[in-house]
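What follows is one structure encoded as structure tokens, with my remarks underneath.
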Amino acid sequence: MSSPEATPTGNDRDAVIEALREALRSGELREVIVEAATEVLNSGEITLDAKEAAKALGCGQRFLLDGCNKHGFPYIDMGKSKRFGPRELREIQEMLRVPAKPSRLAAARRRSAAERSTAAKKPATRRSSKPKADTADESPMELALAG
């Protein structure tokens, strides 16, 4: 962390900005930026080949390449090779993510809780002591035999 004295303010800040603009105009700073970007891209820390990316994802190389060719996995196209950066690996992981399903026990608990809550919402009724004969469920044949 830089100290407050090291942070340019006011005229110092304007002088630093002007020096950066002059370096950009002369091409000195641009060369340094391009060289640094090239070094980062070629270092292997940023992009991985298919074999390395498959190992990082925990899958097979063929699965990864088939996913790129057939299922739209993201990759960086560098000529004949497919390269994978951290962003592409995260996107592939998100594409392959399967949401968790609740267990049968959890589903049964939710059902019984829902049944209890609906039973609690119903008004209490008084039951009669003798059962009612429901003739609507009996067939005409049973009525004729009983009668």
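Nothing in this text is a laboratory measurement; each read-out follows from the coordinates by a stated rule. Remember, predicted model here, so these are calculated numbers, not experimental data. All Cβ positions, glycine included, derive from the backbone under ideal geometry; neighbour counts span all protein chains shown.
Data overview
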read-out: Among 97-103, 15-21, the order from most to least packed when residues are scored by Cβ within 10 Å on average; value: 15-21, 97-103
read-out: Highest-first arrangement of 72-81, 56-65, where packing means the average Cβ count within 10 Å; value: 56-65, 72-81
read-out: Under Karplus coefficients 6.51, -1.76 and 1.60, residue-wise ³J(HN,Hα) of the range 60-76 in Hz, glycine/proline x; value: x, 5, 4, 4, 5, 5, 4, x, 5, 6, 10, 10, x, 4, x, 7, 9
read-out: Interchain or long-range residues, amide H under 5 Å from residue 73's placed H; value: 68
read-out: Point-charge dipole on Cβ atoms (K/R +1, D/E -1) for the range 54-125, about Cα centre, debye to 20; value: 440
